[in-house]
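A short write-up of the structure that comes next.
Please treat every number below as a calculation from the coordinates, not as lab data. Since this is a predicted model, take the numbers as computed values, not measurements. Every residue, glycine among them, receives a Cβ derived from its backbone with ideal geometry; neighbour counts consider all protein chains shown.
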């Protein structure tokens, strides 16, 4: 049995609710955008019900702790269908009473779940380290990102605490959404199709603060002066700062 859900985290949790309600222990959750009909398997559309999702989320936290509930969410943010199935399997096992399931590293799904968490955690830390803001003339700071995983929700509190007194936008161009912080609250935003194309072609016109431009030039000059040619170790440098993150760094921009 395939449970076809809308791709949201709440829809994902509703699959767990459906499993126990129908006692269909071998059902598999599949996001509707990835679903391919199989003549050997039946399918059912799982409609997102906020109340059902909240019951599952509340059960995870109260019975197994906030840490496990958080791990399930982080695995979901990997956007990896295999990790989703592993997280779903773990939730079903936990609610069935197998509270030691996460310690069974001999189970390939459990192992994959833990491996996925490490990848997501690594990407989150790199985003926190490598994101650089630019400042517009109106005082708004902005950063465009394109992480491997959907880690933007995981770094919001870090940037809100670190830059509590300045307004900023962090926009994930790959997933077409972002968050705006006005120094009081954080709200989710989306950019229309035209502006999205401008962002992708780097032709979006934002008037930079002159001091921000000066800072960038000084920082690039500092990086150039400290990066002694004779001591360059590109292989080691790439290990610490993978090339896909260079686009976020002022010192790497020409």
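Given a Förster radius of 22 Å and the C-beta distance between residue 38 and residue 79 as r, what FRET efficiency does 1/(1 + (r/R0)^6) yield to the nearest 0.05? With a Förster radius of 22 Å, E is 0.50. Between segment 28-102 and segment 133-184, the C-alpha centres lie 28 angstrom from each other. Exposure proxy ranking for 159, 40, based on other Cβ atoms within 10 angstrom of each Cβ and starting from the fewest, stands as 40, 159.
If r is the Cβ-Cβ distance from residue 128 to residue 105 and R0 is 35 Å, what FRET efficiency results, to the nearest 0.05? Kindly include the intermediate steps, with their values, before the conclusion.
Numbers: r = 28 Å, r/R0 = 0.81.
Given R0 = 35 Å and the Cβ-Cβ separation, E is 0.80.
Sorted fewest first by neighbouring Cβ atoms within 10 angstrom, 74, 122 come out as 122, 74. Here 82, 184 are placed in order of increasing Cβ neighbour count within 10 Å, fewest first, which gives 184, 82. Using C-alpha pairs under 8 Å with a sequence gap of at least 6, the mean separation divided by the residue count of segment 60-194 gives a relative contact order of 16 percent.
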